[in-house]
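In what follows, a structure is listed as structure tokens, so that the remarks can point back to it.
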Amino acid sequence: MQPSSTLAAMQAADAMRAAGVDVVDFGAGEPDFDTPENIKRAAAAAMRAGQTKYTPTAGTRELQQAILDFYAREFTANYERPEVMATSGGKQAIFNAIVSLLNPGDEVLLPKPYWVTFPEIVVFARGTPVFIETEETGFLLNAQQVASAITPRTKLLILNSPCNPSGRVIPPAEFRKIMELLTERGIYVVSDECYLRFVYPPASVFSAASLPTELRKRLCIAGSFSKTYAMTGWRMGYALAPDGWTKAMLKVQSHSTSNPNSIAQWAATEALNGPQESVATMLAEYTSRRAWLLDALKEIPGLSCSQPEGAFYAFPNVRGCLRGKIRTSQEFAQALLEEEQTVITDGTGFGAAGYIRISYATSMQQLREGVKRIKRFTEKVI
Ligand code: PLP
């Protein structure tokens, strides 16, 4: 396995900050907002009430119910209790799903660009990642691309819409086509819906949970509290899957973390059951930052950026800036850090060399300063 390149970027920024350098950090894949007060209060109350013991491996009944209620309310989904489990972050849901499913040599389809963690877990589980190129469709996956990548060894496809890093959102009709194809071919799907609620019009929020039951027979939805409720440090996520798959995932979880943190489970229960204004406030803020950033990037020579419909990343192509001693996006990222103390994430780790990821989960003031530095840097390079 390789270390996480996104976490490496975060560590580089931390080290520079600790040395007193004025760093602009566009590397972080986490909200710059604090966890809403009602959620913190629920955690404090849980601690005082003595909710400090092991819980069932799948999570408390209250949290399971809150997840089921959320999906029933928002997506008219009819999941039942044996089909839901709480996890320590969305990452553990994805890990459980892959590790419990794969046999050595099974092929796993990974559309590019992919979240850095997907291929690493596949390799850990002795599977074989098979990448699907999507650059020619602007990183928007379609059923035809999936069909041509299927072989007799294909066991699983991992979808991530809204996508980290591209921000692209698969339109619901195309998503359905992909699910129809895979259902017909008996192939499993993990749908990572960690950025579910951060979608910008005209695109709209879509969960695979809203598909008919017959298209969900081999589907595992991995969800997260981290981004939606600014809860990255609490480590809470969940999986929704047919009960056979959930049972297998529970075995993996019971012998690894046993159960997610009991106090964080009560916080997560409040997150889903309590007021949702904080989500709307964050979305409004991301919406205006996104609009500003996309306009500002147009003014930077050598960069071209398609419209991300979701998440909180822009994913510009920097090939127009690759001149002289800067030959790759990796060298671009390194030189930008050294010369302008600005952290971005190189696209190579996401399977998209020639691109960089800019996170706008940071203040407008940082965005303005960082974009100024990137512009100064590219003007120098070109
Ligand atoms: N999936 C994607 C695409 C992500 O970007 C992240 C976090 O960056 C996660 C899953 C996992 O989030 P967590 O484990 O914090 O819930």
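The values are calculated or read from the model by the stated rules, or taken from the named source; none is laboratory data. Values in this document were obtained by computation on a predicted structure and should not be read as measured data. Note that each Cβ is placed from the backbone with ideal geometry, even for glycine, and that neighbours are counted across all protein chains shown. For the accessible areas, the whole protein counts, side chains as well, though only heavy atoms, and no ligand, DNA or RNA atoms are used. Shrake-Rupley method; radii C 1.70, N 1.55, O 1.52, S 1.80 Å.
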Checking the structure you have, find out if any residue of the stretch 310-323 is surrounded by fewer than 14 Cβ atoms within 10 Å (Cβ to Cβ), modelled with pLDDT under 95 and not aromatic (Phe, Trp, Tyr). yes
For MET10, work out the one condition from (1) in contact (Cβ under 8 Å) with a residue 12 or more places away in the chain; (2) in the same structural domain as ILE358 (by TED's automatic domain parsing); (3) part of a loop (DSSP other than H, G, I, E, B) it doesn't fulfil. (3)
Which residue pairs have Cβ atoms under 7 Å apart, sit 6 or more places apart or on different chains, and have a first residue in the stretch 33-44 that is within 15 Å of GLU285 (Cα to Cα) and not assigned by TED's automatic domain parsing to the domain that holds TRP266 and a second that is modelled with pLDDT under 95 and open to solvent by 70 Å² or more (accessible area, probe 1.4 Å)? none
Could you list, in sequence order, all residues of the stretch 345-382 that are within 20 Å of GLY310 (Cβ to Cβ) and among the aromatic types (Phe, Trp, Tyr)? PHE350, TYR355, TYR360
Taking the stretch 13-31 on its own, how many of its residues are touching a strand residue (DSSP E or B) at 6+ places or on another chain (Cβ under 7 Å) and not in a helix (DSSP H, G or I)? 7
Out of PRO152, PRO129, PRO104, which single residue is open to solvent by 20 Å² or more (accessible area, probe 1.4 Å), over 25 Å from GLU30 (Cβ atoms) and within 16 Å of the ligand (Cβ to nearest atom)? PRO129
Residue check: is ILE374 open to solvent by less than 40 Å² (accessible area, probe 1.4 Å) and assigned to a strand (DSSP E or B)? no
Return yes or no: is ALA93 open to solvent by less than 20 Å² (accessible area, probe 1.4 Å), in a strand (DSSP E or B) and within 16 Å of the ligand (Cβ to nearest atom)? no
Please enumerate the residues belonging to the stretch 69-90 that are open to solvent by 20 Å² or more (accessible area, probe 1.4 Å) and either of a type outside the set (D, E, K, R) or not in a helix (DSSP H, G or I) (or both). ALA72, PHE75, THR76, ASN78, TYR79, GLU80, PRO82, SER88
Does any residue of the stretch 32-44 turn out to be open to solvent by less than 50 Å² (accessible area, probe 1.4 Å), within 16 Å of the ligand (Cβ to nearest atom) and in a helix (DSSP H, G or I)? yes
Any hit, the stretch 301-309, residues being outside any loop (DSSP other than H, G, I, E, B), in contact with a Ser or Thr (Cβ under 9 Å, 6 or more places away or on another chain) and of a type outside the set (Val, Ile, Thr): no
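This table checks each residue for (1) in contact (Cβ under 8 Å) with a residue 40 or more places away in the chain; (2) among the aliphatic types (A, V, I, L, M); (3) over 19 Å from ARG235 (Cα atoms); (4) outside the structural domain of ALA241 (by TED's automatic domain parsing).
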{"residue": "MET47", "(1), (2), (3), (4)": "yes, yes, no, no"}
{"residue": "GLY50", "(1), (2), (3), (4)": "no, no, yes, no"}
{"residue": "THR57", "(1), (2), (3), (4)": "yes, no, no, no"}
{"residue": "ALA72", "(1), (2), (3), (4)": "no, yes, yes, no"}
Kindly indicate the residue of the stretch 338-366 that is surrounded by fewer than 21 Cβ atoms within 10 Å (Cβ to Cβ) and aliphatic (A, V, I, L, M) and also farthest from ASP32 (Cα to Cα) among those meeting that condition. ALA353
Taking the stretch 132-149 and keeping residues without any contact (Cβ under 8 Å) to a residue 24 or more places away in the chain and open to solvent by 30 Å² or more (accessible area, probe 1.4 Å) leaves GLU133, GLU136, THR137, GLN144, SER148
How many residues are assigned to a helix (DSSP H, G or I) and not hydrophobic (A, V, I, L, M, F, W, C) when one looks only at the stretch 47-68? 5
Kindly indicate whether any position in the stretch 139-155 is among the small types (Gly, Ala, Ser), closer than 14 Å to GLY351 by Cβ and at pLDDT 95 or above. yes
Checklist (1) in contact with a strand residue (DSSP E or B) (Cβ under 9 Å, 6 or more places away or on another chain); (2) open to solvent by 30 Å² or more (accessible area, probe 1.4 Å) applied to LEU63, failing item: (2)
